[in-house]
Structure formats: C-alpha cells, structure tokens
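The values are calculated or read from the model by the stated rules, or taken from the named source; none is laboratory data. Model, not experiment: these values are computed from the prediction. All Cβ positions, even for glycine, are placed from backbone atoms using ideal geometry, and neighbour counts span all protein chains on display. The accessibility values were calculated without ligands, DNA or RNA, using every heavy atom of the protein model including side chains. Shrake-Rupley method; radii C 1.70, N 1.55, O 1.52, S 1.80 Å.
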Amino acid sequence: MTISKLEYDKRLVKVRERMSVQGLSGILVCDPANLYYLIGYNAWSFYTPQFLFVPIEGNLIFFAREMDARGAFHTAWLSQESVVGYPETYVHRTDRHPFDWAGAVLRDQGCLDSGSRVGVELDAHFFSPKAYFSLVAALPEWELVDSRDLVNWVRLVKSPSEIDLMRAAATVTNAAMQAAIEHIRVGARQCDVAAQISRAQCSGTAKYGGDYPAIVPMLPTGEAASAPHLTWTNREFVDDEAVVVEIAGVHQRYHAPLARTIMLGRPSAALQSLAAATGEGIEAVLGTVRAGISARELASVWNAEISKHGLEKASRIGYSIGIGYPPDWGERTVSLRVEEDTVLQENMTFHLICGMWMDNYGYEVSEPIRVTVDGVEIFTDVPRGLISKGVRS
C-alpha cells in the first residue's frame, strides 16, 4: 500500500484552501508527521532543524541538513530542485542557526512579497524558540504568525488509503499486544517483556511489516499503575499486581495505539470494581460514536456512566490519531472532552483511551477506532476487560 501522487496533490490543495481561509501567503512546516503527510519524507533527521516552505501558489521547497537532503530523494516525491541542503557548518552551533541560512535563501529567491503573512508551527515539538528568532531576523519583511496546527487539522479526516494503512497497523498492534500477554508473567523482567513487545512491533506480520513507534512500550506496574506514561525497569513482575500495557502497532508511520491491563494473581475487589465500571463506560462511548456526534457528547456519555459508580475523570478520554513520529502518536487536534465542540465526521480516527488512575492502583483499556456514518469501526481485535494470568490456587 502506498499513497499516490494524486492523493499528495489533493492534500496540498486542502492545505492551501485552509491557508487562504486563514489569510496566509505561505506556511513553514516542521512537524515530521506533517512533512510525511505532504511530501512523503521519512527519516530520523528531525533532531536537526528542517522545514518545508509551502507558498499559497508555486513550488514547494524543502530545507534539510545537507547530508539528509540526499535522503529526501529516496522517500519524498519532490524534484531535486525543490530540496535544499544547508551546510554542515550550521549544525549544532551556538553562534548561528540553520534557519539563518534557509531564511536568507528564501529572501534571495524572492519567494513572497514584503508584508506577506506566513504561518509557522509554533507548537511543533521540533520548532525551537531559537529557530523562530532566526527566521524573524532573516525575514523581517514577513509577518510570521502561528499557523494554528493548520496541516494537523487537514489530516483529521482520513482518505480510504489512509484507513487501509491504519487497518494494517492494527494487525501489528494485535501481534504486539499478544506478545505482551504471552511474556508478562511472574519472574519475568520488565525490560525483557519490553524487548519482546518491541520485537513484535518491528517485525509486524507476514503481510504487513512493522515500523518503530512514536512512543516506546509503556508498562506501569503495581502501585506505579496509579500513573500513566511510565515505561519499564529491570524489576521482575511479581504475583498479585496489575500491569498496564499501552503500545501501538505501526505500518508506514500510521499508528494504532492500544491499552490493556493484565493481572498477575488475584485482583483486589477495588480493581475488579474499577475494571467493571471502566468497561461499562467504554462500551457506552463505543455505542454512541457515529458521524454527526460531537466530541463533547462522547465525553458526557463517559462521565455519566462512570458517575453511576461514584467515579470521575478529569482528563480527556481520547484524541485523534494517524501518522506519528516521536515523541507522540497523537495528531494534536481533536480531544474527546467536554470542552471540545468538534463534530465527528466519517473517517476521523481516534485513540479512545479510558484510563483510571487511583491512589495506589490503576486500570486502562483503550481502542483505536474509525468513525463511520452510523457507528464505529474498531481496528484491533484484542478482547476488552481485565486480562487475568497466573492466578494462584
């Protein structure tokens, strides 16, 4: 499965339509997921400054480190003339920045008129304050403004080709979660289980090869399961503790995240009760999802369901997903929470994550989903509910 040049062209049209609405003459795109979305560029080069210049009309220009610019010809659809490598003398220097050089090139080429309003990705992980100040100094005739995650919002509704890639990613997710279930046992080291999960993520399936995930396997265990986003240690798993597994399968940079909770030994009455309440909540939300429903409504359904059990959850219960690069597999657009008014459309995709973190224990269950006209497609097929292993007799 590949994205056709025709689809890339359609993506660019949508981006430029949104640029016009926001009154922008151009945008500078730094987010590696957005670069991949627009031009197909895929390399672990985002630790050094790089950006794509997208004018409202005319040719795109991709600026990258000189050695990485060569790699663009292997992945991106751009012509050789549209890829510019900045000199090595600008890499990791305190007295200069690559965007000093790139800004001067844009100015010399007269890409936009003086006074042009140009959007920059002010909240992108790899757009630094120093990068911003370098552009301001190099292009004082441009008005640099926040693009407000313009490309991220264009990515929100997936094409049929993207949905197929998400389905492929989900088959890798299934395999990786099964590896977690198989290898998490009393006496196993957390680091060894993480290695088995990572192996399954990279290997993928016979049909769909895996890719590196934007986030490493997360394995909050025992009392540490009272907080999310913890990874692993070299500690051995012990009896009578729960392990929260949050991972993603990846195929061609498309992510399908999934969380499950695995119990070693006998669960406490409190954990059993929490798992049951959370299960009822996620089922209620899944039964509500469909095109035309607002994100706010989904969060309200969740809140109403868990309140029946005397529970509440301040954090969101999901977010949009698709292409992902470290350090995050979310798209930074729609969040499923009561403050979000976005109305769901067909082929929006989300990680619906119902995590409950209590004082000294926790429980997580999640699903990667696609919004359909009259319901929901769940990408993975791992049974929901508390997964029990190794109950003592």
Which value, in Å², gives the accessible area per residue of segment 114-261 when a 1.4 Å probe is used on the protein heavy atoms? 38
Which whole-number percentage describes the relative contact order of the chain, with Cα contacts under 8 Å and a sequence gap of 6 or more? 14
Compute the FRET efficiency between E283 and V238 as 1/(1 + (r/R0)^6), taking r as their Cβ-Cβ distance and R0 = 30 Å, and round to the nearest 0.05. 0.45
Cα centroid distance between segment 56-89 and segment 328-393, in Å? 38
Label model pair D146, R117: point-to-point distance (7 angstrom along the Cα→beta-carbon line) in nm is 1.5
Filter on K10/K158; K14/K158; K5/K207 - keep pairs with C-alpha separation over 20 Å: K5/K207
For segment 38-182, using Cα atoms only, the Rg and Dmax in Å read 18.0, 62
Working from Cα positions, state the angle (0 to 90°, nearest 10) between the long axis of helix 160-183 and the longest principal axis of the chain. 40
Quick one: accessible area per residue over segment 268-354, 1.4 Å probe, rounded to a whole number of Å²? 38
Charge dipole magnitude, Cβ of K and R +1, D and E -1 - the chain, Cα centre, debye nearest 20: 580
At R0 = 56 Å, FRET efficiency that the Cβ-Cβ distance of N59 and A269 yields, to 0.05: 0.30
Evaluate the relative contact order of segment 305-380 (contact order divided by residue number), counting alpha-carbon pairs under 8 angstrom at least 6 apart; express in whole percent. 23
Across 5 Å bins from 0, what is the distribution of all Cα-Cα pair distances for segment 172-255, in whole percents? 3, 17, 26, 24, 16, 9, 4, 1
Using Cα atoms only, what is the angle between the long axis of helix 190-203 and the major principal axis of the chain, expressed in degrees (0 to 90) to the nearest 10? 60
Run the accessible area of segment 171-280 with a 1.4 Å probe and give the carbon-and-sulfur part as a rounded percent. 53
For I181 and V373, calculate 0.36 nm times their separation in residues minus their Cα-Cα distance, and state this gained length in nm to one decimal. 65.8 nm
Determine the share of segment 17-161's accessible area contributed by carbon and sulfur atoms, expressed in whole percent, with a 1.4 angstrom probe. 50
S226-V21 FRET efficiency (beta carbon distance; Förster radius 51 Å; 0.05 resolution): 0.70
Apply the Kirkwood formula to the chain: the hydrodynamic radius equals the inverse of the mean of 1/r over all pairs of different alpha-carbon atoms; give it in Å with one decimal. 22.4
Using a ≥ b ≥ c from the Cα gyration tensor of segment 48-90 (square roots of the eigenvalues), is it rounded, prolate or oblate, where a/c under 1.5 gives rounded and otherwise the larger of a/b and b/c decides, a/b for prolate? oblate
Can you give me the distance in nm between label points at A137 and H92, each placed 7 Å from the Cα along the Cα-to-Cβ direction? 2.1
Treating only the Cβ atoms of Lys and Arg (+1) and Asp and Glu (-1) as charged, compute the dipole magnitude of segment 103-220 about its Cα centre; round to the nearest 20 debye. 560
Relative to the longest principal Cα axis of the chain, at what angle does helix 129-138 sit, 0 to 90 degrees, rounded to 10? 10
The answer for segment 66-112, accessible area per residue at 1.4 Å probe in Å², is 59
Would you mind telling me the antiparallel percentage of the DSSP bridges in the chain, rounded to 5? 75
Of the residues A299, F99, V83, the Cα lying farthest along the dipole of the chain towards its positive end, which is defined by charges on the beta carbon of Lys, Arg, Asp and Glu, belongs to V83
